[in-house]
Amino acid sequence: MKITPCRSEDLVLLDEHLPSASADSHHAARFARQEAGESTYLLAWRDGRPVGHAEVRWNGCAAPEVRAAVAGCPEINGLAVAGELRSQGIGSALIAAAEELARERRLPAIGLGVDESNPRAAALYERLGYRPVVPYVDRWAYVDRGGLRVECADSCTFLVKELAAGSW
């Protein structure tokens, strides 16, 4: 497995192998943020195809509760692994790559949100050293393939991992 930042030529393969529910590709939006310098969109590759992704948002989580609790903390967002390949270390490798990017920037910590309905992910993040900081509601929207706008609100907890001792 190899992890690389997304390139424009990767978008077609992403939409083919890891399609989003959105009519306007989530992958293209993440790549646009990367091109604007707001994030780094990491892709996990196996046998020449993308099998997972995660976006490191350098400006942090958009939720006001999270910003108030951990201002300046970058966020790992949009972490996903192809369903048939879960529990094979791909998600952990993407998180490790995101943490390394934050360390290279000399950032003291990195965080991510976990949906309350996903205890499996919460257990993984805890094993990797992430600790709960603040509950929040993750609000987002997309236009589905039928042209309808879908509004989402998930009850989450923001977790933080210190990359430097005593950072938060």
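Could you list, in sequence order, all residues of the range 30-42 that are in contact with a helix residue (DSSP H, G or I) (Cβ under 8 Å, 6 or more places away or on another chain), without any contact (Cβ under 8 Å) to a residue 40 or more places away in the chain and either closer than 11 Å to W58 by Cα or in a strand (DSSP E or B) (or both)?
S39, Y41
Can you name every one of the helices (runs of 4 or more DSSP H) wholly within the range 43-158 that holds 3 or more residues which are open to solvent by 10 Å² or more (accessible area, probe 1.4 Å) and under 22 Å from A28 (Cα atoms)? Don't jump to the end; show me each part of the working.
Values: elements: 64-69, 90-104, 119-127.
Result: 90-104.
How many of the residues making up the range 1-14 are open to solvent by 60 Å² or more (accessible area, probe 1.4 Å) and either under 17 Å from A93 (Cβ atoms) or touching a helix residue (DSSP H, G or I) at 6+ places or on another chain (Cβ under 6 Å) (or both)?
So the count comes out to 3.
Determine the pairs where a residue that is β-branched (V, I, T), located within the range 95-110, has a partner that is assigned to a loop (DSSP other than H, G, I, E, B) and open to solvent by 10 Å² or more (accessible area, probe 1.4 Å) with Cβ atoms under 9 Å apart, the partner being 6 or more residues away or on another chain.
I95/L128; I110/L163
Of all residues in the range 17-29, which are in a helix (DSSP H, G or I) and either at pLDDT 95 or above or farther than 26 Å from Y130 by Cβ (or both)?
H17, A28
Select, from S117, S87, the only residue that is in contact (Cβ under 8 Å) with a residue 24 or more places away in the chain, out of contact with any strand residue (DSSP E or B) (no Cβ under 7 Å at 6 or more places or on another chain) and farther than 19 Å from S39 by Cβ.
Answer to the check: S117.
The values are calculated or read from the model by the stated rules, or taken from the named source; none is laboratory data. Note that the structure is predicted; figures quoted are calculated from it, not measured. All Cβ positions, even for glycine, are placed from backbone atoms using ideal geometry, and neighbour counts span all protein chains on display. Accessible surface is based on the protein model in full, side chains and every heavy atom, while ligands, DNA and RNA are left aside. Shrake-Rupley method; radii C 1.70, N 1.55, O 1.52, S 1.80 Å.
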